[in-house]
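The values are calculated or read from the model by the stated rules, or taken from the named source; none is laboratory data. The shown structure was predicted, so the numbers you read here are calculated from the model rather than taken from an experiment. Every residue, glycine as well, gets a Cβ built from its backbone with ideal geometry; the counts of neighbours run over all protein chains shown. We work out accessible area using only protein heavy atoms, side chains counted, and drop any ligands, DNA or RNA first. Shrake-Rupley method; radii C 1.70, N 1.55, O 1.52, S 1.80 Å.
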Amino acid sequence: MIYSDYSIVFDRTGFPLIQLDSWDHSIGLFPVSKYQFERFLVDDEGSDYTDEWYRGVLELNPRRSWRNPGDRVWELFITGLDLDVIEDFLGYLGPEYRLPTLDEWKALLELSEGIAEVSPALKMICNGRSPEPVLHWLEAGLCPLMREGIFERIHGIENRVAGKPFHGLLPNTWAPEELKEVKMDMVQGMIGFRVVRG
């Protein structure tokens, strides 16, 4: 159980990251959501990321109401971004933000079942600090979405992704901890990312 040996910090959008006492980093409890990314788009006014550009991104993975994702939970999370766009988003969060290494990602995966069990406690910690989607998703048990969720980018690894997509997104029997070699352009709409604060 990870009850007493972890802490929660928040990114500038109010989304939680978890840090165990033995870690020198914190990692997002969720893959980056469209809610977070849209905050970046609003705050980054005047950039190349126009409404028209974003509509193109959403063609790969449409928006979904954070209140009622139904059986298409993957549509809550931003996917299909090129690495340069991800770097801009990470820069928006702060200079200490980056993609997780494979070891960091796997360390969170090892804790994922315990994290799901303490979602009510996490919701209490996030109450008053996080936006409503976070509280709603914690209550629904939608974190950390690693044993089933979306493909996720890993720092320094090209053309391979971690994770196990929802069966409704891509039927599979893969183990989430095994890297999958993919043709990025063929599964771009299924590839998201998680943030780490070093």
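In the chain, what % of DSSP beta bridges are antiparallel (nearest 5)?
So the antiparallel bridges in the chain amount to around 85 percent.
Would you please name the chymotrypsin sites (Phe, Trp or Tyr not before Pro) within segment 102-183 that are DSSP coil residues with at most 16 other C-beta atoms within 10 Å of their C-beta?
W174
Using a Gaussian network model on the chain with a 10 Å cutoff between Cα atoms, which of Y92, Y54, Y35 fluctuates the most?
Greatest mean-square fluctuation among the candidates belongs to Y54.
Determine the order of S22, S7 by accessible area, beginning with the largest, at a probe radius of 1.4 Å.
The ranking, largest first, comes out as S22, S7.
Given springs between every Cα pair under 10 Å in a Gaussian network model of the chain, which of P95, P176, P133 has the largest fluctuation?
P95
Please report, in debye to the nearest 20, how large the charge dipole of the chain is about its Cα centre when each Lys and Arg carries +1 at its beta carbon and each Asp and Glu carries -1 there.
540 debye
If you build the convex hull over the alpha carbons only and average its shadow over all orientations, what do you get for segment 52-198? Give it in nm² to one decimal.
9.1 nm²
With a 1.4 Å probe and all protein chains in place, put M184, M146 in order of accessible area, largest first.
The ranking, largest first, comes out as M184, M146.
Which whole-number value in Å² is the accessible area per residue of the chain, probe 1.4 Å?
Roughly 49 Å² per residue, with all protein chains present.
Lys/Arg Cβ at +1, Asp/Glu Cβ at -1, dipole of the chain taken about the Cα centre: which of Q188, N68, Y97 is farthest positive-ward?
N68
With each label point set 7 Å from Cα along the Cα-Cβ vector, what nm distance links N159 and E45?
Label-label distance for N159 and E45, simple model: 4.3 nm.
Reported to two decimal places, what Rg/Rh ratio describes segment 96-168 when computed on Cα atoms with Rh from the Kirkwood expression?
1.01
Where does the charge balance sit around N61 when Lys and Arg score +1, Asp and Glu -1, over other residues with C-beta under 10 Å from its C-beta?
Every neighbour counted, the sum reads +2.
What is the local net charge at L108, summed over the other residues whose Cβ is closer than 12 Å to its Cβ (Lys, Arg +1; Asp, Glu -1)?
Result for the local shell: -3.
Rank L90, L111 by accessible area, highest first, at a 1.4 Å probe radius?
From most exposed to least exposed: L111, L90.
Check G149: other-chain or 5+ apart residues with amide H under 5 Å from its amide H, H built from backbone geometry?
K164, F166
Can you pull out the GluC sites (Glu not before Pro) in segment 1-71 whose DSSP state is coil and whose Cβ has at most 11 other Cβ atoms within 10 Å?
Passing both the DSSP loop test and the Cβ count: E45.
Mind grabbing the accessible area of T50 for me, 1.4 Å probe, Å², rounded to tens?
We get 70 Å² for T50.
Between rounded, prolate and oblate, where does segment 1-101 land on the alpha carbon gyration tensor, with a ≥ b ≥ c its root eigenvalues, rounded for a/c under 1.5, else prolate if a/b exceeds b/c?
oblate
Where does the charge balance sit around W23 when Lys and Arg score +1, Asp and Glu -1, over other residues with C-beta under 13 Å from its C-beta?
Local charge sum for W23: -4.
Within the chain, what whole-number % of the accessible surface is contributed by carbon and sulfur, with the 1.4 Å probe and all protein chains included in the calculation?
Answer for the chain is 46 percent, counting heavy atoms of protein chains only.
Mind listing the phi-derived Karplus ³J(HN,Hα) values for segment 87-102, rounded to whole Hz, using 6.51, -1.76 and 1.60 with θ = phi - 60°, and x for any glycine or proline?
4, 5, 5, 4, x, 4, 5, x, x, 8, 9, 7, 6, x, 6, 4
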